[in-house]
1. How far apart, in nm, are two points set 7 Å out from the Cα along the Cα-to-Cβ line at B:R14 and at B:L112?
2. Does anyone have the angle between helix B:11-28 and the longest principal axis of chain B? Alpha-carbon axes, 0 to 90°, nearest 10?
3. Can you quote the Å³ per residue value for the convex hull of the Cα atoms in the range B:166-265, rounded to an integer?
4. For A:V70 and B:S3, what does the FRET efficiency come to when R0 = 56 Å and r is the distance between their Cβ atoms, rounded to the nearest 0.05?
5. GNM, chain A, Cα, under 10 Å: largest mean-square fluctuation among A:A180, A:A123, A:A165?
6. Show log10 I(q)/I(0) for the range A:1-95 at q = 0.12 Å⁻¹, two decimals, from a solvent-free Debye sum over equal Cα scatterers.
7. Fully extended, how many nm does the chain gain between A:L259 and A:L278 (0.36 nm per residue separation, minus their Cα-Cα distance)?
8. For the range B:253-289 and the range A:43-106, what is the centre-to-centre distance using only Cα atoms, to the nearest Å?
Amino acid sequence: MIEWLNIVLQGALLGGLYALFAAGLSLMFGVMRIVNIAHGDLIVLAAYIALVVVRWSGFGALESLPVVAVLMFALGYALQRGLLNFTLGADVLPPLLVTFGLSVIIENGLQEIFSADPQRLQAGRLDIASLSLGGGLAVGWLEVIVFATAVVVIAALEALLYRTAIGRAFRATSDDADTARLYGVDTRHVFALATAISLAVVSVAGVLLAIRTTFEPSIGPARLIYAFEAVIIGGLGSLWGTLVGGVILGVAQSIGIVLNPAWDLLAGHVVFLLVLVLRPRGLFPKTAD
Amino acid sequence: MASFRIERLTRASRIGVALIAAAIAVLASLPLWAGSGTIRLAVEIFYYLALAECWNLLAGYAGLVSIGQQAFVGFGGYVLAFLTILLGVPPLVALAVAGPAAAIVAVPTALLLFRLRGAYFAIGTWVAAEVFRLIALQIFSLGGGTGISLPVSVVLAISDSRAVRDLIFYYIGLAVGLGGILMVFFWLRSRQGLALTAIRDSETAAASVGIDKERSKLAVYVIAAALTGFVGALAYLEKVRISPDAAFSVVDWSADVIFIVVIGGIGSIEGPILGTVIFFVLRGLLADYGVAYLILLGLVAVVVMLLAPRGLWGIAEKFDIHLFPVQRRLRFTEAGSATPGLDPKIHGVPGRARQ
C-alpha cells in the first residue's frame, strides 16, 4: 500500500514538471492560436543555455535561472516580432510549418554544437536531499521544489492574465485581435510579449529539467508531446487544468513503469487517448476550441 | 448570351503531358543504362516522391497537417516483417498486404485523431506514431527495441539474383512513385477532389450543398495511409533490416517529406515532384556534413513558407502554368460577347480559387 502511495506521489510531483512544460505552450496558444511545434526544442535549448552559463560564470545550476530566463525572454520577443508575427493569419499551416522548421533547426543545431552526448546540470546537495514524510514515505527535495515552482508559475500566469493591464490586452487580443487593435492595443507587441513570457516559463522548465535528469538535443519532441498531452487532458485554456493534466500524465507514467519498465511512456499515451475518447474537450475546458 | 466552353487542358498542361510521357520513357529504360547505385538511389527517390504526394494530399488539399505519417511507414514495414518472418508469407504477397493493412488501422486512428483540430491534430498524429513505435518495441518476436533483419531465405524468395531483385524493386518503386502522382491526380479530378476543393474554399458553402466534410477527410487520410504503408513495406524489404527507432523516425519519414512539399509547393501536384528533386540534390551536395542538410532544409523551408507560401511551384503557378490538368476553367469562345466583369478567376470555378 505504502509503495503504491509512494509511486503515485512521485508521479504527481513529476506532473509538476509536465505542467511547467505545458504552461508556455498553453499561453502561446491562448493568445495567438499558435501551436509552437518547436516548444520542446526550446526547453532543451534553455537547458543548454543554462549549461553554458554555469560553465562560464561558475554560477550554481539554480542561480543560472535568472540569466537564462532573461535571455529566453529576449529570444522569445525577437522570435515573435521578427518571424512568427509574419505567419499569423486565417491559415493554420504557416505557423505550424515554420515552428516545425525551427524545431528541426534547433535540434540539429544543438547537436552540431554540443554533440549528441547526454549532459546534466549538477545542483550539489539538492540532487540527493530528500524529505521524509513519515510512514516510509519520502520524496526528493528537488521534486518538491519542481512541483512548487509549477504551482507558483501557474498562479503567477493566472494573476498576470486576470489582474494586470497586459493580461487584459492578452485576453482582448485573443478574443478579437482586430477589435483590440481599434482600441489602441499594439497586437504585434502583445504577441511578442506573450511569446517572450512563454519562453521565460520555458527557461524555468528547461533549467529544472536539466537538474532533474540528463538531457540531449534529441529529447525536445518528447517534451512537446508531454506538454501537449497535459494541455489536452486538462482542457484547453485552463492553466490549473493543465497542472491536473500534468499530474495525471505523471501518475500514469509512474504506475506504468511499475507494471512493466517499458510501459511508462505507453501508459501516459494510453491515458491521453482515453481522455480523448471519453472527454475530447479535456477535463476542465475553458475555451471553445 | 456568351458562349463558352469548359477547358481542362491548357497549352502548358499539353506540354506537361508530353514532358511527363518523355520522363516516364526515360525512367522506364533507366535500368538498361544506369549502374546499380543509381538504380537504388532512384528507388529511394520514388518512395519519397510517393510519400510527398500523400502528405501533400493530406495537408495541401484536405487541411490535415500530419507530423505522424511515420506511423504508417513503420506499420507497413512491421507488417512485412511479421508476415514474412513469423508466418512465412512470400515477400511480394506480404508487400501487397501492407497497404490494405495500413488502411484498416488508419480508420480507428483517424476517428480518434479527428477529435483534435488544426495544429493539435498535427501533434496528435505524432503521439499516434509514438504509440505505434512503443508497441513495436514490445514485439519481442521481431527483436523488440533492437529490431530484426529479414532472413536470407526471405530475400532469396524474391529472386536469387541480386540484379533481378534490384530490377523488381526498381519497377515497383517506379510504379509507386508514378502511382502516387496518378492517385492524387485522379483523386482531385473525381467527385472526391471537387468536394475537397469546395471544403478548402468554404466549409460552410460545401456543407450547404451536401458535402460530408468528415467523410471526405477520412477517405483522404485512409488512402494516404494505405500508400504510405505500402512505401514502408517496400522500403524495409529493400533495406532488409527494421527497427522501431528507424521505422518510426520523425526525421526520416516526416521532416524530410514535409520539407520536400513545403519547398516544392504545397497544394499542387507538381510541387512535391520539384521538392523531391531539390531535396535529393541538397542531400547529395551536403552528404559529408552530417545533419547540416537538415538545418539547411529547415532554413530553406522557413524562408519559403514566409516568402512564397505556395512553394517554388507556386511561383510558376502565378504565371498560370499547370502541368497536370486538374482544374476546370471557363474560356469564352466569342471575343467581345463575353459578359463584362465575369472573370472566371473571381467567380467560383471549381478548382480554380486559391489553387
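Here, each number is a calculation from the coordinates, and none is a lab measurement. Computed from a prediction, not measured in an experiment: that's the story for all the values here. Cβ: placed from backbone, ideal geometry, glycine included. Neighbour counts: every protein chain shown.
1. My value for the distance between the label points is 5.2 nm.
2. It is inclined by approximately 20 degrees.
3. Considering the Cα atoms of the range B:166-265, their hull volume per residue is 119 Å³.
4. For R0 = 56 Å, the calculated efficiency reads 0.20.
5. The residue that fluctuates most here is A:A165.
6. Listed by q, the Debye log ratios stand at -0.55.
7. Values: separation 19, 0.36 × 19 = 6.84 nm, distance 2.37 nm.
Length difference between fully extended and current span is 4.5 nm.
8. One Cα centre to the other: 27 Å.
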